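The structure's right below; bear with me while I get my questions together.
Here, each number is a calculation from the coordinates, and none is a lab measurement. As the structure is a computational prediction, the values presented were derived from the model and not from experiment. Ideal geometry is used to build each Cβ from the backbone, glycine not excepted, and the neighbour counts take in all protein chains shown.
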Amino acid sequence: MFAKILIANRSEIACRVIRTCDEMGVATVVVFTEHDVGAPFVRRAGESVALPPGSSYLDIDAVVEAATRTGVSAVHPGYGFLAENAAFAAAVEEAGMTFIGPTPETIRAMGSKLEARSLMELAGVPVLAVAELGGIDARVAAEAIGYPVLVKASFGGGGKGMRIVTAPEGLLDAIASASREAASAFSDGTVYLEHYVSNPRHIEVQIFGDGRGDVVHLYERECSIQRRFQKVIEETPSPGLDPTLRERLWEAAVTAGRAVSYRGAGTVEFIVDADGGFAFLEMNTRLQVEHPVTELTTGIDLVRMQFEVAAGATLPTQDEIPAQVGHAIEVRLNAETPVDDYLPSTGVIHRFVISDSVRVDTGIEDGSVVTHHYDPLIAKVIAHAPTREEAAARLARVLHLSQIHGVDTNRDLLVRVLDDDDFLAGTIDTHFLERKHESVTAPSLSEDAVRASATAAAFALQARNRHHAPALASIPSGWRNVPFQPQTVLLEYRGDHIVVSYRMGRGALKIDVDGRPVPLDAVYTLSPEVVDVSIDGVRRRFDVNIVGDAVYVDSSLGSARFVVTPRFTTRSVVSAAGAMIARTPGVVVAVPVALGEMVRAGDTVMIVEAMKMEQAIAAPAAGRVAALHFGVGDQVDAGDLLVEIETEDDDG
């Protein structure tokens, strides 16, 4: 076995690999960029090497040099970045180290989705109709395949570099956009066209091979809950597959692995239509983000198995693979705002608390910084239970009670999906989130829950004020010589103002929220961190975290973030009708309009990339491009004025 390995990755997956290495007594080394200097994975590794300034995790020479300098015997690539880069695997092996993954030749063959498709077709695995774009008219190719078509990056994965096109008018723009995104994420902008199956399910099969022709499967995973082609919820076993189809998928995945003499952990992905037909999508030549659900239902540590296979151990036979026990569901907790088109969210994580009653794979802790440089995934939360219903309920409950402060997340969306009747019935496909968008992004707190949480926020703020008071800090919060004079706190919640007022009267606290009395029965604890009160006969504990003007309140009712608004002030926001503002930090990757050009409402005037995903900035109204404040390659910050359109109204 290996004495020391280098993990060529970051954050959650680096921490995950370190955990198995620690259990096996294997020393670890990681590399890090200037953005990850203080990250937990750097501290948890035995040794770490800073990549050159301005470099990235895609720098093959720098990563191999770090591995050589620290004397490791093997390199684990994780997933993403260089994990499916044949040149990297070859460089590692040429330097005399073991690459914990497939051979460079297999990665190269499967890395090109077009070449992979050809190999699978020869092996007898069902495939979809595709068209390469080199030297042919894309519009002719799309017509030959038949709309809708999927523009798809030839290299890479994770939903990047993919666009659905339903009509010829949007084809060329979709190709350009997908190619830019693929080039940014995978350093290769090659794209092709594939026939798009409407309302499919996305099923994948975990395989392991020994590199000499023996391949086994570790069952399938359901990955149909997606947004922008990126998986959000994964589970195993897949609900709703009949036994015959399930076994056909396993057999096809093993056939695919044998066709390329696969070595190590891999995943064969399939699209399944409503009639039970299926076709090969791609092979991921690495460990998958969702591997924990397989681990929990089989009892097999897949990272340990990767090490053993890479070290030359004998692959277990199919009969030796344990049968699955129970059901496991994983959710990807992302730093994003689902209600705002999944806009990435960046900032400092002030508090990160998730119950250890479920498995949590993360590289985040209190004080971690989420930047726009990397994927928005901040944690994977996984529940395992005897039944699917119990796993979903347990996971939903843990997420509901978690405390995540400082960035917006998709936590509430995940809870709503896990509680959804169609999800629980297994009635799912890859468009589930699109159909359910309104219901899964609706406000998570009821009006009464917001009122109770606002009450707790006001009490905590006043308790803090009394604690820091220069004099008489021990008197009750809200005490006044004139008992009828109320104390008032003005809060903002989801863009609306909330007025909380309270006073001491006849020895008891009286409180109103927006002029309506709150039925406060008893007060047990009032502190800046904890408010324990009884409202309308129900006692609840509210955990409060005050960070600057933000007040985070967590309870059994859910989570709320309030912003303290100064009294006697009014907010004035002046924004010209044709002004476009950056909503998140990022990099300008395209400016498809010119100064002075006439545009229509909805036309794309600038494209900004954040967290490896493109955001199209659309003209809010028809008019003339009056100002372009940034160009291709420029960094922008949230709030920056990007483009100005001179509308007819501007002319007066």
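For segment 137-144, what does the Karplus curve 6.51 cos²θ - 1.76 cosθ + 1.60, with θ = phi - 60°, yield as ³J(HN,Hα) per residue in whole Hz, taken in order and with x for Gly and Pro?
6, 4, 5, 5, 4, 5, 5, 5
At q = 0.16, 0.21, 0.25 Å⁻¹, work out log10 I(q)/I(0) for segment 129-195 with the Debye formula, treating every Cα as an identical point scatterer and leaving solvent out; two decimals please.
Log10 I(q)/I(0), no solvent term: -0.43, -0.74, -1.03.
Sticking with this structure for a sec: Take the Cβ-Cβ distance between Met24 and Arg228 as r, set R0 to 51 Å, and report the resulting FRET efficiency rounded to the nearest 0.05.
Working: r = 37 Å, r/R0 = 0.72.
My answer for the efficiency is 0.90.
Right, next: For segment 171-180, in order, what is each residue's ³J(HN,Hα) by Karplus, 6.51 cos²θ - 1.76 cosθ + 1.60 with θ = phi - 60°, in whole Hz (x at glycine and Pro)?
5, 5, 5, 5, 5, 5, 5, 4, 5, 4
Let me ask something else about it. By how many degrees, 0 to 90 and rounded to 10, does the Cα axis of helix 447-467 deviate from the longest principal axis of the chain?
Once rounded, the angle reads 70 degrees.
Using a basic spin-label model with each label point 7 Å from the Cα along Cα→Cβ, how many nm lie between Arg43 and Thr371?
Going from the Arg43 label point to the Thr371 one covers 1.8 nm.
Continuing with this model, one more query. Sort 395-407, 17-29 by the packing proxy (mean of other Cβ within 10 Å over each peptide's residues), most packed first.
Order by mean packing, descending: 395-407, 17-29.
Calculated from DSSP H runs of 4 or more alone, at -39500 (n - 2.57) each and per residue, what is the 222 nm mean residue ellipticity of the chain, nearest 500? Each step should come with its number before you reach the end.
Numbers: 17 runs with 171 residues, N = 652.
That comes out to -7500 deg cm²/dmol.
On the principal axes of its Cα set, how long, how wide and how thick is segment 76-134? Give whole Å, largest value first.
Here the Cα extents, ordered largest to smallest, are 40, 25, 19 Å.
How much length would be gained if the chain were fully extended between Ala638 and Glu93, taking 0.36 nm per residue of separation minus their Cα-Cα distance, in nm to one decimal?
Values: separation 545, 0.36 × 545 = 196.20 nm, distance 4.30 nm.
Roughly 191.9 nm would be gained on extension.
Scale the Cα Rg of segment 339-463 by the rule-of-thumb value 2.2 N^0.38 Å and send over the ratio, two decimals.
Working: Rg = 16.0 Å, N = 125, 2.2 N^0.38 = 13.8 Å.
In units of the 2.2 N^0.38 Å rule of thumb, it is 1.16.
Taking 2.2 N^0.38 Å as the expected size of a compact globular protein, what ratio does the Cα radius of gyration of segment 235-354 give against it, to two decimals? If you can, show how the numbers build up before the last one.
Working: Rg = 17.7 Å, N = 120, 2.2 N^0.38 = 13.6 Å.
Taking the Cα Rg and dividing by 2.2 N^0.38 Å, one obtains 1.30.
Under the Kirkwood approximation for Rh and a Cα-based Rg, what ratio Rg/Rh is obtained for segment 4-100? Intermediate results must be reported in sequence, preceding the final value.
Values: Rg = 11.9 Å, Rh = 12.9 Å.
When Rh is taken as the Kirkwood radius, the ratio is 0.92.
Evaluate the relative contact order of the chain (contact order divided by residue number), counting alpha-carbon pairs under 8 angstrom at least 6 apart; express in whole percent.
Once normalised by length, the contact order is 9 percent.
Sorted by mean Cβ packing within 10 Å, highest first, what order do the peptides 519-530, 85-96 take? Write out the running numbers ahead of the final one.
Numbers: 519-530: 14.4, 85-96: 18.5.
Peptide ranking by packing, descending: 85-96, 519-530.
Grab the beta carbon distance between Ala522 and Glu438, set R0 = 35 Å, and tell me the FRET efficiency rounded to 0.05.
On the way: r = 39 Å, r/R0 = 1.11.
Calculated value: 0.35.
Rg(Cα) of the chain divided by 2.2 N^0.38 Å?
Working: Rg = 27.1 Å, N = 652, 2.2 N^0.38 = 25.8 Å.
With N residues counted in the chain, Rg over 2.2 N^0.38 Å equals 1.05.
Now a separate question. Give me the distance in nm between label points sitting 7 Å out from Cα along the Cα-to-Cβ direction at Ala144 and Ala323, one decimal.
About 5.0 nm, to one decimal.
Using a 10 Å cut-off on Cβ atoms, rank the peptides 174-185, 217-228, 381-392 from the highest mean neighbour count down.
Details: 174-185: 20.7, 217-228: 23.0, 381-392: 18.6.
The packing order, highest mean first, is 217-228, 174-185, 381-392.
Pairs of lysine in the chain with Cα under 29 Å and at least 8 positions apart or on different chains: total?
Lysine pairs satisfying the spacing and distance rule in the chain number 21.
What angle do you read, to the nearest 10 degrees and between 0 and 90, between the alpha-carbon axis of helix 388-401 and the longest principal axis of the chain?
Approximately 40 degrees, to the nearest 10.
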